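Chemist: Handing you a structure now.
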Amino acid sequence: MTKRTGEILAILDEMYGTDDKCYLNHETPWQLLIAVILSAQCTDARVNIVTADLFVKYPTLEAFASASLAEMEQDIHSIGFYHNKAKNIIACARRLLEDYGGEVPSSLEDLTSLPGVGRKTANVIRGNIFHEPSVVVDTHVKRISKRLGFTQKDDPEAVEYDLMKVLPKDHWILYNMQIITFGRQICFARNPKCELCPLQKYCKEHH
């Protein structure tokens with residue numbers, strides 16, 4: 001790790017702490033998987049509001065697997081792309097029961113074979129459930145990592161590999177959580193609050 005990278009991570013640690021607790025409420029691995037599928041293009045706060053009722057109505061994986069699509073759409077309609085998400089959640093629950101004995105698999109290959117699960121979702125699960133260090137690349141992570149000069153790539157998978165080379169392994173999960181908060185509070189895509197930014201001197205766009 002370079003001195004510059006270490007300084008950036010130290011500032012992020014000071015700003016947001018080093019607790020890498022997941023923001024999505026869940027009690028079981030399969031609940032987190034469903035919550036992460038719901039969270040695409042949606043805030044964690046909104047997902048937590050919806051899952052508070054959803055996990056009471058459907059307390060088991062079997063309940064999700066046997067749910068009616070129309071009813072599931074109604075249950076999650078306040079979340080964007082609810083039609084696709086409802087379809088994927090039911091199909092994913094069925095696959096977990098049929099192919100994995102109701103358990104959430106740990107490998108990237110198995111996870112990304114599930115309906116509605118891409119690399120980003122799989123890496124959230126691997127990091128939070130199985131404590132496998134992984135770098136989750138969302139729009140905030142991609143945008144801010146480019147501004148910090150950690151990557152020049154646009155493809156999320158390429159960004160993931162660049163960050164794995166630059167960041168120490170014990171910061172992979174933490175960096176993602178810190179950067180998402182930083183992106184929501186200060187480093188916006190448009191009109192970022194540069195005057196409030198403690199990382200200003202490291203920013204490639206500011207100079």
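The values are calculated or read from the model by the stated rules, or taken from the named source; none is laboratory data. Given the structure is predicted, the values throughout are model-derived calculations rather than measurements. A quick note on method: Cβ atoms are made from the backbone with ideal geometry, for glycine too, and the neighbour counts reach across all protein chains shown.
Chemist: Filter the stretch 149-167 down to the residues that are assigned to a loop (DSSP other than H, G, I, E, B), of a type outside the set (Phe, Trp, Tyr) and surrounded by 14 or more Cβ atoms within 10 Å (Cβ to Cβ), then identify the one that is farthest from the chain's Cα centre (by Cα).
Modeler: Only one residue fits best here, namely 149.
Chemist: May I pose another question? Given the residues 136, 124, 159, 141, which is the only one that is in contact with a Ser or Thr (Cβ under 7 Å, 6 or more places away or on another chain) and not acidic (Asp, Glu)?
Modeler: The conditions single out 159.
Yes/no matrix, rows are residues, columns are (1) in contact with an Asp or Glu (Cβ under 8 Å, 6 or more places away or on another chain); (2) outside the structural domain of residue 147 (by TED's automatic domain parsing); (3) closer than 30 Å to residue 181 by Cβ; (4) assigned to a helix (DSSP H, G or I):
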| site | (1), (2), (3), (4) |
| --- | --- |
| 11 | no, no, yes, yes |
| 51 | no, yes, yes, yes |
| 59 | no, yes, no, no |
| 63 | no, yes, no, yes |
| 72 | no, yes, no, yes |
| 80 | no, yes, yes, no |
| 95 | no, yes, no, yes |
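Chemist: Could you please find all residues in the stretch 169-184 being exposed (fewer than 13 other Cβ atoms within 10 Å of the Cβ) and within 16 Å of residue 142 (Cα to Cα)?
Modeler: Of everything in the stretch 169-184, just one residue is exposed (fewer than 13 other Cβ atoms within 10 Å of the Cβ) and within 16 Å of residue 142 (Cα to Cα), namely 184.
Chemist: Has the stretch 126-146 got at least one residue that is modelled with pLDDT of 95 or more, within 22 Å of residue 36 (Cα to Cα), in contact with a Pro (Cβ under 8 Å, 6 or more places away or on another chain) and not assigned by TED's automatic domain parsing to the domain that holds residue 37?
Modeler: Within the stretch 126-146 (the criterion being modelled with pLDDT of 95 or more, within 22 Å of residue 36 (Cα to Cα), in contact with a Pro (Cβ under 8 Å, 6 or more places away or on another chain) and not assigned by TED's automatic domain parsing to the domain that holds residue 37), the answer is yes, since at least one residue qualifies.
Chemist: What's the number of the only condition in (1) touching a helix residue (DSSP H, G or I) at 6+ places or on another chain (Cβ under 7 Å); (2) surrounded by fewer than 19 Cβ atoms within 10 Å (Cβ to Cβ); (3) more than 21 Å from residue 120 (Cβ to Cβ); (4) in contact (Cβ under 8 Å) with a residue 24 or more places away in the chain that residue 65 fails to meet?
Modeler: All conditions are met except number (2).
Chemist: Specify which of the listed residues (74, 41) is under 16 Å from the mean Cα position of the chain (by Cα) and of a type outside the set (Val, Ile, Thr).
Modeler: Matching residue, one of 74, 41: 41.
Yes/no per residue for (1) closer than 16 Å to residue 161 by Cβ; (2) in a helix (DSSP H, G or I); (3) touching a residue at least 12 places away in the same chain (Cβ under 8 Å):
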| site | (1), (2), (3) |
| --- | --- |
| 87 | no, yes, yes |
| 92 | no, yes, yes |
| 103 | no, no, yes |
| 110 | no, yes, no |
| 116 | no, no, yes |
| 136 | yes, no, yes |
